[in-house]
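Q: Shown below is the structure under consideration.
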Amino acid sequence: MDDIWMRIVENLSARVTGPMKFRLLLQPVMASIFAVMSGLKDARAGNPPYFWALLTEPAHRADMLKDGWKSVGKVYVLAIVLDVVYQIIVQRFVYPGEALIVAFILAIAPYLILRGLVTRIARKR
């Protein structure tokens, strides 16, 4: 089991210097743009910060997840596809778990963090 985790860590760190490293900047920027637009919309509608509301309001969780997926889903799918292409080029093998981890880090994490922050900042103004 330790060998698997070491392989994952090594493969993830190799993506920083390998081919197609432009996506490590491009995909978080795209997710951030969608997060800012959604966060401003949330602030105008008086909605609570996105990630906090996901954790604390189970009644609205399904609707909020659909809304978030509608905003960032394409970026997430693109991140998976580009990582699979990277793996085929560099490793000559596809590790689906690694593709999902990379896509989460590049698309979902920035979206979750920024959407709530933008909502809080926009409300104060």
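Q: Modelling each spin label as a point 7 Å along the Cα-to-Cβ direction, I'd like the Thr56/Val81 distance in nm, to one decimal.
A: Inter-label distance under the simple model: 3.8 nm.
Q: Here's another thing I want to ask about it. Which whole-number value in Å² is the accessible area per residue of the chain, probe 1.4 Å?
A: 63
Q: Right, next: As a test of the formula, what do you get for the chain when each DSSP H run with n ≥ 4 contributes -39,500 (n - 2.57) and the sum is divided by the residue count, at 222 nm and rounded to the nearest 500 deg cm²/dmol?
A: Helix contribution divided over all residues of the chain: -26000 deg cm²/dmol.
Q: Suppose R0 equals 25 Å. What FRET efficiency, 1/(1 + (r/R0)^6) with r the Cβ-Cβ distance, do Ala45 and Ile113 give to the nearest 0.05?
A: Computed FRET efficiency for Ala45 and Ile113 comes out at 0.80.
Q: Using 0.36 nm per residue of separation minus the Cα-Cα distance, give me the extension gain between Ile105 and Ile89 in nm, one decimal.
A: Extending this stretch completely gives an extra 3.7 nm.
Q: Take the solvent-accessible surface of the protein heavy atoms, probe 1.4 Å, and return the percent of it on the chain that carbon and sulfur atoms account for.
A: C and S fraction of accessible area: 71 percent.
Q: Okay, next question. Given a Förster radius of 22 Å and the C-beta distance between Leu26 and Ile4 as r, what FRET efficiency does 1/(1 + (r/R0)^6) yield to the nearest 0.05?
A: Efficiency, rounded to the nearest 0.05: 0.15.
Q: Same structure again: What number of lysine-lysine pairs in the chain show an alpha-carbon separation below 22 angstrom, given a sequence spacing of 8 or more or placement on distinct chains?
A: 6
Q: Rg and Dmax in Å for the chain, alpha carbons only: what are they?
A: Considering the chain through its Cα atoms, Rg and Dmax are 16.5, 51 Å.
Q: Now a separate question. Any idea which of Val85, Val72, Ile121 is furthest toward the positive side of the dipole for the chain, if Lys and Arg beta-carbons carry +1 and Asp and Glu beta-carbons -1?
A: Ile121
The values are calculated or read from the model by the stated rules, or taken from the named source; none is laboratory data. As the structure is a computational prediction, the values presented were derived from the model and not from experiment. FYI the Cβ positions are ideal-geometry reconstructions off the backbone, even for glycines, and counts take in every protein chain you see. Surface areas here come from the heavy atoms of the whole protein model, side chains and all, with no ligands, DNA or RNA. Shrake-Rupley method; radii C 1.70, N 1.55, O 1.52, S 1.80 Å.
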